[in-house]
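Working notes for the structure below.
Derivation of every value follows stated rules applied to the coordinates shown; laboratory data play no part. Everything numeric in this text was worked out from a predicted model, so none of it was measured. Note: ideal-geometry Cβ built from the backbone for every residue, glycine included; neighbour counts use all protein chains shown.
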Amino acid sequence: MSIAPNATRGAPIRPHEASFTSCPIGTSTTLHGVAGEIDAANASDLSDYVDANLEDAGKLILDLRELTFFGTQGFSVLHRINVTCSRRGVTLVVVSGSEVDRILRICDPAGGLPVARSLEAAINAAASPPPTHLRLVPRG
């Protein structure tokens with residue numbers, strides 16, 4: 001698989017801001033890249049961006065390696081994105097970086113989020129058979 005040359009570029013990054021990019025990989029996989037900082041002030045922007053750009057993607061790779069700061073609100077947003085993808089039947093793989101790893105060690109020690117350490121590993125994980133998605137089960 002190759003990354004399409006016509007990737008959408010985000011706006012220049014200022015301190016305490018994030019930039020979002022998106023490009024297709026193959027026919028059913030979309031790569032979203034995030035650079036800059038994710039904190040309480042802009043965490044919902046990440047969720048909104050992913051929601052607005054999921055469209056017909058069957059697989060989503062969320063590349064967070066270029067983040068220079070990732071606060072605890074970022075984890076809440078990752079969880080929300082994971083649930084959204086699960087509801088829509090979209091396979092999600094997060095490519096973490098050092099800032100994201102720091103929060104995941106605290107907030108997700110059991111490794112509940114689908115995380116890969118490299119883009120290549122994420123592409124391979126996304127190409128694997130789909131995992132069982134979360135489903136709400138009515139009580140009793």
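Numerical summary
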read-out: Net lengthening on full extension, Asn124/Thr27 (0.36 nm per residue, minus Cα-Cα); value: 33.5 nm
read-out: FRET efficiency for Arg139 and Asn53, using Cβ-Cβ distance with R0 set to 41 Å, rounded to 0.05; value: 0.75
read-out: FRET efficiency, 1/(1 + (r/R0)^6) with R0 30 Å, evaluated for Asp45 and Arg87 via beta carbons; value: 0.90
read-out: Cα gyration tensor category, rounded, prolate or oblate, for segment 61-126 with a/c compared to 1.5; value: oblate
read-out: Amide H within-cut-off set for Thr91, under 5 Å, with H built and near neighbours excluded; value: Lys59, Leu60
read-out: Estimated distance in nm for a label pair at Asp108 and Ser76, the labels positioned 7 Å out from Cα along Cα-to-Cβ; value: 1.7
